[in-house]
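The values are calculated or read from the model by the stated rules, or taken from the named source; none is laboratory data. Every value quoted in this text rests on a predicted model; they were computed, and no experiment measured them. Glycine also receives a Cβ, built like all others from the backbone with ideal geometry; neighbour counts cover every protein chain displayed. Heads up: the accessible areas ignore ligands, DNA and RNA and are worked out on the full protein's heavy atoms, side chains in. Shrake-Rupley method; radii C 1.70, N 1.55, O 1.52, S 1.80 Å.
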Amino acid sequence: MLTCQNVELRFGDKKLFEDVNIKFTPGNCYGLIGANGAGKSTFLKILSGEIDSQSGHVSIEKGRRLAVLKQDHFAYESERVMDVVIMGHSRLFDVMKEKDAIYMKPDFSDEDGMKAAELEAEFAELGGYEAETEAAQLLRGLGLQEEYHDKQMSELAGSEKVKVLLAQALFGSPDILLMDEPTNNLDIAAVQWLEEFLINFENTVIVVSHDRHFLNKVCTHIADVDFGKIELYVGNYDFWYESSQLAQRMAKESNKKKEEQIKELKEFIARFSANASKSKQATSRKKTLDNITLDDIKPSSRRYPFIQFKPERELGKDLLTVEGLTKTINGVKVLDNVSFVLGSGDKVAFVGDQEIAKTTLFKIITGEMEPDSGTYKWGLTTSLSYFPKDNSAYFDDVNMNLVEWLRQYSPNDQTETFIRSFLGRMLFSGEEVFKKASVLSGGEKVRCMLSKMMLSGANVLILDEPTNHLDLESITSLNNGLINFSGSLLFSSHDHEFIQTIANRIIEFTSDGFIDKQITYDEYIEEQKLQKK
């Protein structure tokens, strides 16, 4: 068990945490959520002992081992991959190295023999004789086959190093596992493997992630960081979100009889329980959900931007025709004879690891880049709005405040009152609207770009990785806004939930060409898995 008692942390005048009292117990996976800057990663560092709280303390039950997913991908460049994984259990690795060093001594003495015997006993007790087998299983599960196991870390690509560090954190079945954004840079197969691993993991997991699908699959509880406090809630992310919305509605409908509210809560819980998987974890969660009372659900103080795209005119039948687009960049052919036709009902997700191909296609069809060969043609009724992956060029003017910045994209040169109210809906309130556009954070710039797109009235939206830099609240709002959008979409994303709930068509660029399917993302993933068997 991991316990926090009266934990407090300040940076200068800023209070990050105050009077945090919380227990994390075995068999549960806790999703740590909160707005950007709320201190999620800092709290993980307090739990791991990397930084100290200014008051209170964190205690781990005696004899329990804690493992942390490392973030420094270059920390082990000269080390063998297999050794890096086993380093996840530091005592086991130390015993292994000390034992091997004794056996290598040219003047091996009786005293060395006794010490080696002691180390052999401890090595066996710690599971040392199964260590390489377990490490290999973890690496294979994450997609790194045997040819990687004896390589040096310096020989691996960035995404492969991420997998090794993840295997390191999982190695030896730690009693407490802390992970900050574990799905970043993982391919679909590796994420699915990790989900299954954590669903069946019997110890304590605390994870920070912006991946809602991942949080929904693995979490038994949500730990919400809000206004310096951390509140625990039973259920996954969707349950936390929906129950907080339900609590808000109930607060507004205070005239409703308690019996009616209880009935509504029970129906809500039954709906979530029916969707649970059959894993041990989900069964345990269902039992806890069944015991929830009205007092257990609370309205969230979290603010959600209002994101709504309204096309000014309807699309005709013809949307986009692409024929034979080819493009070479720096000697690499990133698009090779790409052809497809989109209709007015299409919401297309461009998926896969070929990032440059997706971005290049979007730049060509929006007129920002010329193809080497091939053509594209938009329908007569289409009007476009584009969200580029790199938006820095839009924020170069160091003198422009947010009102001035957004007004330049307002088609009717709207009044300051209108612009300020619009910015308010995007969570820029009060004096914040006079901030210089050039000093905004990544998430703030994304919200500005989305505001620009909403003002455009376009009936076709092209979005290149729009959820990058956004917090969960903004991702959820954008997700809902695009689900309700009546126009057509072309977008790229690595957010599973985002793709699954929006797209009705999937296009993936591969090393051999591209795949085009009129199906949902989950169906596409299943189809790809079957083909690989």
Practice task
Report whether or not residue 468 is out of contact with any Pro (no Cβ under 7 Å at 6 or more places or on another chain), closer than 27 Å to residue 319 by Cβ and open to solvent by 40 Å² or more (accessible area, probe 1.4 Å).
Solution key: yes
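Got at least one residue in region 65-73 being closer than 15 Å to residue 207 by Cβ and free of Cβ contacts under 8 Å to residues at least 60 places away in the same chain?
Taking every residue of region 65-73 in turn, none turns out to be closer than 15 Å to residue 207 by Cβ and free of Cβ contacts under 8 Å to residues at least 60 places away in the same chain.
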Handout entry: Unique residue being within 20 Å of the chain's Cα centre (by Cα) and open to solvent by 10 Å² or more (accessible area, probe 1.4 Å) when the list is 266, 257, 217
Key = 217
Problem - Selection status of residue 527, assigned to a strand (DSSP E or B), farther than 25 Å from residue 407 by Cα and out of contact with any Leu (no Cβ under 8 Å at 6 or more places or on another chain) - result: no
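Looking at region 28-40, which of its residues are modelled with pLDDT of 90 or more and either touching a His at 6+ places or on another chain (Cβ under 6 Å) or of a type outside the set (D, E, K, R) (or both)? Quick ask: steps written out before the conclusion?
Quick first cut of region 28-40, residues modelled with pLDDT of 90 or more only: 28-33, 40.
28, 29, 30, 31, 32, 33, listed by residue number.
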Exercise for the section: Output the number of residues of region 504-519 satisfying the condition of being in contact (Cβ under 8 Å) with a residue 12 or more places away in the chain and either more than 29 Å from residue 327 (Cβ to Cβ) or not in a loop (DSSP other than H, G, I, E, B) (or both). Expected result: 10
Practice task
Show the residue pairs that are 6+ apart or on different chains and have beta-carbon atoms under 8 Å apart, the first residue being within region 323-341 and closer than 15 Å to residue 369 by Cα, the second being open to solvent by 70 Å² or more (accessible area, probe 1.4 Å) and at pLDDT 95 or above.
Solution key: 325/375; 325/376; 326/372; 327/372; 328/372
Practice task
Quick one: which residue in 431, 404 is out of contact with any Gly (no Cβ under 6 Å at 6 or more places or on another chain), crowded, with 16+ Cβ neighbours inside 10 Å, in a helix (DSSP H, G or I) and of a type outside the set (Phe, Trp, Tyr)?
Solution key: 404
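Tally the residues that are small (Gly, Ala, Ser) and either in contact with a His (Cβ under 9 Å, 6 or more places away or on another chain) or without any contact (Cβ under 8 Å) to a residue 12 or more places away in the chain (or both), restricting the search to region 465-487.
Pass one, region 465-487, residues small (Gly, Ala, Ser): 474, 477, 481, 486-487.
Now drop any that are not either in contact with a His (Cβ under 9 Å, 6 or more places away or on another chain) or without any contact (Cβ under 8 Å) to a residue 12 or more places away in the chain (or both), which leaves none.
Counting residues in region 465-487 that are small (Gly, Ala, Ser) and either in contact with a His (Cβ under 9 Å, 6 or more places away or on another chain) or without any contact (Cβ under 8 Å) to a residue 12 or more places away in the chain (or both) gives 0.
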Completion exercise
Of the conditions (1) within 23 Å of residue 239 (Cβ to Cβ); (2) surrounded by fewer than 20 Cβ atoms within 10 Å (Cβ to Cβ), the single one that residue 207 does not satisfy is (2)
Practice task
Working only within region 58-98, note down all residues that are open to solvent by less than 60 Å² (accessible area, probe 1.4 Å) and of a type in the set (Lys, Arg).
Solution key: 65
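For region 138-163, enumerate the residues that are loosely packed, with under 14 Cβ neighbours inside 10 Å and either closer than 16 Å to residue 88 by Cβ or of a type in the set (Ser, Thr, Tyr) (or both). If you could, list the steps in order and put the result at the bottom.
To start, the set of residues in region 138-163 that are loosely packed, with under 14 Cβ neighbours inside 10 Å comprises 145-147, 150, 154-155, 157-158.
Answer for region 138-163, where residues must be loosely packed, with under 14 Cβ neighbours inside 10 Å and either closer than 16 Å to residue 88 by Cβ or of a type in the set (Ser, Thr, Tyr) (or both): just 154.
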Problem - Matching residues in region 300-323 - criterion: being open to solvent by 50 Å² or more (accessible area, probe 1.4 Å) and either at positive phi or of a type in the set (Phe, Trp, Tyr) (or both) - result: 304, 306
Practice task
From the list 410, 421, 383, pick out the single residue that is surrounded by 15 or more Cβ atoms within 10 Å (Cβ to Cβ), at pLDDT below 90 and more than 30 Å from the chain's Cα centre (by Cα).
Solution key: 410
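Those residues that are under 19 Å from residue 170 (Cα atoms) and free of Cβ contacts under 8 Å to residues at least 40 places away in the same chain, I need them from region 51-64; list them, please. Spell out how you get there, then give the answer.
Initial filter on region 51-64 (under 19 Å from residue 170 (Cα atoms)): 60, 63-64.
Selection gives 63 alone.
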Exercise for the section: Please work out which residue is farthest from residue 309 (Cα to Cα), limiting yourself to region 488-508 and to residues that are more than 19 Å from the chain's Cα centre (by Cα) and open to solvent by 10 Å² or more (accessible area, probe 1.4 Å). Expected result: 508
Practice task
Give the residue that is farthest from the chain's Cα centre (by Cα), with candidates limited to residues of region 446-480 that are among the hydrophobic types (A, V, I, L, M, F, W, C) and in a loop (DSSP other than H, G, I, E, B).
Solution key: 458
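Among the residues of region 347-374 satisfying the criterion of being on the phi > 0 side of the Ramachandran plot and assigned to a loop (DSSP other than H, G, I, E, B), which is modelled with the highest pLDDT? Don't jump to the end; show me each part of the working.
Filtering region 347-374 for residues on the phi > 0 side of the Ramachandran plot gives 352, 367, 374.
In the following step, the residues that additionally are assigned to a loop (DSSP other than H, G, I, E, B) were identified as 352, 367.
Working: 352: 87, 367: 95.
Restricting to residues being on the phi > 0 side of the Ramachandran plot and assigned to a loop (DSSP other than H, G, I, E, B), the top hit is 367.
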Exercise for the section: Please state which of the following conditions residue 516 fails to meet, knowing it meets all the rest: (1) surrounded by fewer than 21 Cβ atoms within 10 Å (Cβ to Cβ); (2) among the charged types (D, E, K, R); (3) touching a Ser or Thr at 6+ places or on another chain (Cβ under 8 Å). Expected result: (3)
